[in-house]
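Peer 1: To start, I am sharing the structure in question, which I have written as structure tokens.
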Amino acid sequence: MLLILFDLCMAIIMFFFGLYFYKSKGKASNLLTGFNIRPDEEQQRYDKVKMCTTYGVRLMIMAIPFLLGACIDIFFPGKGCLIAWIVWTVLFISLMAKRMKMEK
């Protein structure tokens, strides 16, 4: 039962962070590591709205493995949480790769 609640809490957190980024109109770019310490002229080269929208959608998608993990944990306790974290890690790495491409 605890693993199901954990998975659901992680899904809610990921979804609402994604929703915040999606609806922030570029203001959430200050939460991105290292972006807010760049010089203003370098920050102006990026489309903050597009960047935050893209990251927001990705973060909302990253909530899906935890929802599926909660469903799996009902029948196979522990396995759903493990699978969710593995899938989330892969999605996180792909998000970081996308960020590297967008910021070049």
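Peer 1: Within straight cross-link reach of Lys79, meaning Cα distance under 12 Å, which aspartates and glutamates are found once same-chain residues fewer than 8 apart are removed?
Peer 2: Asp7
Peer 1: Calculated from DSSP H runs of 4 or more alone, at -39500 (n - 2.57) each and per residue, what is the 222 nm mean residue ellipticity of the chain, nearest 500?
Peer 2: The helix contribution divided over the chain gives -24000 deg cm²/dmol.
Peer 1: In nm, to one decimal, how far is the Ala97 label point from the Asn36 one, both placed 7 Å along Cα→Cβ?
Peer 2: About 2.9 nm, to one decimal.
Peer 1: Can I ask one more? Between Val49 and Trp85, 0.36 nm times their residue separation minus their Cα-Cα distance comes to what?
Peer 2: Difference between extended and current length: 10.1 nm.
Peer 1: So who's got an amide H within less than 5 Å of the one on Tyr46, skipping anything under 5 residues away but keeping other chains? H placed 1.01 Å off N, in plane.
Peer 2: none
Peer 1: Which lysines, if any, have their Cα less than 20 Å from the Cα of Lys50, not counting same-chain residues under 8 positions apart?
Peer 2: Cα-Cα hits under 20 Å: Lys23, Lys25, Lys27, Lys98, Lys101, Lys104.
Peer 1: Something else: Per-residue HN-Hα couplings for region 14-22, Karplus 6.51 cos²θ - 1.76 cosθ + 1.60 at θ = phi - 60°, whole Hz, x for Gly and Pro?
Peer 2: Using θ = phi - 60°, the values come out as 4, 5, 6, 4, x, 5, 4, 4, 4 Hz.
Peer 1: Return the Rg/Rh ratio of region 2-102 with Cα-based radii and a Kirkwood Rh.
Peer 2: Dividing the radius of gyration by the Kirkwood radius yields 1.08.
Peer 1: Against the longest principal axis of the chain, how steep is helix 64-75, in degrees 0 to 90 to the nearest 10, with axes from Cα atoms?
Peer 2: The two axes meet at around 10 degrees.
Peer 1: Also, I was wondering about something else. Let me spell out the model: positive unit charges on the Cβ of Lys and Arg, negative unit charges on the Cβ of Asp and Glu, origin at the Cα centre of region 2-102. What dipole size does that give, in debye rounded to 20?
Peer 2: With Lys and Arg at +1 and Asp and Glu at -1, about 320 debye.
Peer 1: Turning to a different aspect of this structure: Considering Cα pairs under 8 angstrom that are at least six residues apart, work out the relative contact order of region 2-102 and quote it in whole percent.
Peer 2: Normalised by residue count, the contact order of region 2-102 is 34 percent.
We did not get these values from a lab; they are worked out from the coordinates using the rules stated. Keep in mind the model is a prediction, meaning the values are calculated, not measured. So basically every Cβ, Gly included, is an ideal-geometry build from the backbone, and we count neighbours across all protein chains shown.
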